[in-house]
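Each remark here refers to the structure printed beneath this line.
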Amino acid sequence: MKILESQNALLSNFEVYQHITEQQKRNKTQNRRLPGNAYHVMNEVVKYLSEKPSPLENQQETKAYDSAAIPRLLEKLREANLPSELTKGEVLSILNLRPSSSALLSTAIEDMEERFSEDEQNKIVDIIGDVLGRPEPGEGAEGGEDEEMDADAVPSIENGY
């Protein structure tokens, strides 16, 4: 077998989730049996994508992500008149992570502080929240962080002491 086009398109976690769940429904309605390893892999991927910390964890109830979410997000970001364009990889990271703060957004956007002002960063976070939904209270990676340094931490240049 010869690969004609490598990585023709990028898929978001939602698109993978949607494809696999549709395939599972189709297999069930047609009474098709899959090989054990394919069945196991599909179940594990759906399980991974639908548990914390994934933004898709409540997808069955909230329906926050849908087929129109990606074009709607791109359109709103375009309308925001940002000084720098986001790359395909950055948009994909935003879709997969659904950052709810500037700190989390910086993990998805390269050189964010140089490319966007603080107001523009907040505008991007607001657009993401409007289009993809906001995490419920208590959800997300920044909820349990403690700003104080641990007693066991050794003073060094990296942590400011």
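Every read-out reported here was derived from the displayed coordinates using simple, explicitly stated rules and does not represent laboratory data. Please read all numbers here as calculations on a predicted model, not as lab measurements. All Cβ positions, even for glycine, are placed from backbone atoms using ideal geometry, and neighbour counts span all protein chains on display.
Structure values in brief
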| quantity | calculated |
| --- | --- |
| Loop sites in the range 33-87: trypsin sites (Lys or Arg not before Pro), DSSP, at most 13 other Cβ within 10 Å | Arg33, Lys63 |
| In the range 1-100, GluC sites (Glu not before Pro) in a DSSP loop with at most 13 other beta-carbon atoms within 10 Å | Glu5, Glu51, Glu85 |
| Pairwise label distance in nanometres, Glu75 with Thr87, each label 7 Å out on the Cα-Cβ vector | 2.7 |
| The range 80-110 and the range 1-54: distance between their alpha carbon centers, rounded to Å | 25 |
| Full-stretch length increase - Asp119, Ala68 - with 0.36 nm per residue and alpha-carbon distance subtracted | 15.7 nm |
